[in-house]
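What follows is a set of notes on a single structure, which appears directly below.
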Amino acid sequence: MNPNLKHLHPYPFEKLAQLKAGITPPAKLPHIALSMGEPTHATPHLIQEALLTHLHGLASYPTTKGIPELRTAIATWISRRFQIPADGINPETQVLPVNGTREALFSFAQCMIDAAGKTPVVIMPNPFYQIYEGAALLAGAEPYFLNTLEDSGYVSDFDAVPDDIWQRCQLIYICSPGNPTGSVMDQVSQQKLLKLAEHHDFVIASDECYSELYDDESNPPPGLLQAAYNMGNTDFKRCVIFHSLSKRSNAPGLRSGFVAGDAELLQHYFQYRTYHGCAMPLPTQHASIEAWRDEKHVVENRRLYREKFSAFIEILSDVCTIVKPPASFYVWLKTPILDTEFAQQLFAQQNITVLPGSYLSRDFNGINPGLNHVRIALVAPLHECIEAAQRIKTFLNSL
């Protein structure tokens, strides 16, 4: 048995189920689930139709690398979205399709980390997507947490990392827009990190799966490859980005995303994946091509989230401090009582499920940055988000 398994923490939703165990909420109030970041908007017809049209592809083994048409569609999208010249991304060497970013974010660390000798470090934001931590632990590395606090706009302060940690760092996970805060790392900060990576020789894994859910149509969040290219790192050395159709295209069940960036790193990761056995089915590949080629459904998706944010915040703004994030579909709400008590009582009294912030973070340097926050995912339909806001307002007024 892998001895590192004992270091894994329970997943946040396991802890949430235990928190709610034995509680019977009011039967007259329908349950509203706002805890999980699972999109509920309709999956575009073009994706569904492409799946059906190419079901005959199930008769063939897919390749790990994916079909050229998919890699080209992804490279074209990267070029257009992040203002990189058309020949700046090589679909043959700098793009790999993956079955959703979750499996890729995890397996990437297993491929990249060299655990021989002095214990390697994997740096990650705090709060964080727990896959980062699990990936580090099972790769034999030591997680190092960067607290993201309100004072710094919920972005990581790289100056706070001691030099000895940078020296042992082999991999850093960044998440922009952030989960759970929706904060966006600007290009200056990304380029600062790129210079640190060059100096200390570590790899940057940029989780950008919320990058297409932003508030300002004229100001999309910058990406890591964009920052690298603009500072002259046109080969994207030490840079790998992770993108998914789950949030962008409301297709979490499709399990489709990609990894792109440094060709040398991706060659090693490709070799790993040929043994890992994770090729994307051909019907999924064809559906993904249609999704990456179309932006109309993504623009509409953003409009729907803006509508929900506006309604939700308007209802709650006079009873609590609530801020609209620049991106993502989360509200990172401060709680007037302990976050676990808030989530438990809200469920008991109003039949609404939210996720305690402390379940998404670790105590580090005397701080738990998720404490006394809850993550509210505005994934439910508009009318349910409005109903939830009204019930949360009632609950807050009762405290």
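Computed extension gain for Gln267 through Ala42, at 0.36 nm per residue and net of the alpha carbon distance, reaches 77.4 nm.
Each Lys and Arg Cβ is given +1 and each Asp and Glu Cβ -1; about its Cα centre, the chain then shows a dipole of about 760 debye.
Ordering of 120-126, 163-169 by packing is 120-126, 163-169, highest average first (other Cβ atoms within 10 Å, averaged per residue). Taking Phe106, Phe236, Phe364 in turn, the Gaussian network model of the chain (Cα-Cα springs below 10 Å) assigns the largest fluctuation to Phe364.
Need one word for the range 296-399: rounded, prolate or oblate. Basis is the Cα gyration tensor (sqrt eigenvalues a ≥ b ≥ c); a/c below 1.5 gives rounded, then a/b vs b/c decides. Here the range 296-399 falls in the oblate category.
Can you classify the range 241-309 as rounded, prolate or oblate using the Cα gyration tensor, where a ≥ b ≥ c are the square roots of its eigenvalues, rounded means a/c under 1.5, and otherwise it's prolate if a/b beats b/c and oblate if not? Prolate shape, in that a/c is at least 1.5 and a/b is the bigger ratio. Can you classify the range 160-243 as rounded, prolate or oblate using the Cα gyration tensor, where a ≥ b ≥ c are the square roots of its eigenvalues, rounded means a/c under 1.5, and otherwise it's prolate if a/b beats b/c and oblate if not? Note, shape of the range 160-243 comes out prolate.
Each DSSP beta bridge with both residues in the range 45-294 is either parallel or antiparallel, and the antiparallel ones are about 35%. Here the simple spin-label model places points 7 Å from the Cα toward Cβ, and for Leu29 and Asp186 these points are separated by 4.1 nm.
Peptides 351-361, 80-90 ordered by packing proxy, namely the average of other Cβ atoms within 10 Å per residue, highest first: 351-361, 80-90. Could you state, as a whole-number percent, how many of the C-alpha pairs of the chain are farther apart than 26 Å? Cα-Cα pairs in the chain separated by more than 26 Å: 54 percent. Within the listed set Ala116, Ala104, Ala343, the Gaussian network model of the chain (springs between alpha-carbon atoms below 10 Å) gives the highest mean-square fluctuation for Ala116. The Cβ shell under 13 Å around Pro177 holds other residues with a net charge of -2, Lys and Arg each +1, Asp and Glu each -1. Normalised by the number of residues in the chain, the mean separation of alpha-carbon contacts (under 8 Å, six or more apart) gives a relative contact order of 25 percent. Beyond 19 Å between alpha-carbons counts as too far, so tell me which of Lys247/Lys296; Lys118/Lys195; Lys20/Lys247 fall in that bin. Listed pairs above 19 Å: Lys118/Lys195; Lys20/Lys247.
The length gained on full extension between Ser317 and Asn230, counted as 0.36 nm times the residue separation minus their Cα-Cα distance, comes to 27.4 nm.
Read the figures in this text as sums done on the coordinates, not as results from a lab. From a predicted model like this one, the values you see are computed outputs, not experimental measurements. Cβ sites come from the backbone with ideal geometry, for glycine too, and all protein chains shown count toward neighbours.
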